[in-house]
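Derivation of every value follows stated rules applied to the coordinates shown; laboratory data play no part. All values reported here derive from a predicted model rather than from experimental measurement. Cβ sites come from the backbone with ideal geometry, for glycine too, and all protein chains shown count toward neighbours.
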Amino acid sequence: PPAERDLINADLASDDNKTGFTGGVQGGYNLQSGSWVFGLETDVGWMDIGQSRSKTYQSPLAISPPIALTVRQKVGTDWVWTLRPRVGYASGPYMIYGTAGLAASRISVEASFADSRIPPNSGNFSESDTKFGWVAGIGGAYALNENWSVRGEWLYTDFGKVRNTWVTPAGYAAFTTEADTRANLLRVGVDYKF
């Protein structure tokens, strides 16, 4: 009914940010010309980043007993891969660099709806798909000796929007689930130069 639809629609949008931890491995090739460093890097990181939300509403309809409406949503990923050229400037043991390139991640989306009517109206949706996007960032490194260095970097990844429309059985309710899939990655690492 429109009153229930409007109640849910007015409350579901959210701009919450979630944090998580990541770890991974990387490899690449660098060529130095004077103080300039040109390279190509690839990495894969494992993570637990996502956002989930569950909310129960009381129907505004004058029904006895009152009807409860529950909506659940979840979006997340557990890995990210990037392939990035980078350009850096080295001075003594220090280097700063910028990087940008291709990124991929498996994005999963889940949603469900249920009410307390007898019989209940309920349904759920889930989908998982590999999405490609872009990545860009900046970083710095410090050479400890001829072979070992440490680094810190910030990367921003953007995989666009995931958007799906689904309908509960018997067509009682239709939902459009949408999420922006982007992340800020703050990383520290240790590199070994062959």
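Work from the charge dipole of region 106-182 (Cβ charges, +1 for Lys and Arg, -1 for Asp and Glu, about the Cα centre) and give the residue of 171, 135, 145 farthest towards its positive end.
Of 171, 135, 145, it is 171.
Excluding residues on the same chain fewer than 8 positions from residue 131, give the lysines whose Cα lies under 29 Å from its Cα.
18, 55, 74, 161
Could you tell me which GluC sites (Glu not before Pro) in region 145-194 are loop residues by DSSP with no more than 16 other beta carbons within 10 angstrom of their beta carbon?
Counting only loop positions with at most 16 other Cβ atoms within 10 Å, the GluC sites (Glu not before Pro) in region 145-194 are 146.
For residue 173, list long-range residues whose amide hydrogen, built 1.01 Å from N in the peptide plane, is under 5 Å from its own amide hydrogen.
Result for residue 173 returns 168.
Can you give the charge dipole size of region 84-166 about its Cα centre, rounded to the nearest 20 debye, using +1 on the beta carbon of Lys and Arg and -1 on the beta carbon of Asp and Glu?
The dipole of region 84-166 has a size of about 140 debye.
Among [x] 23.2, 80; [y] 19.0, 58; [z] 16.1, 56, only one was calculated for this model; which label is it, if the read-out is Rg and Dmax of the Cα atoms in Å?
Recomputing Rg and Dmax of the Cα atoms in Å here picks out [x].
What is the Cα convex hull volume of region 94-194 when expressed per residue in Å³?
So the per-residue Cα hull volume is 117 Å³.
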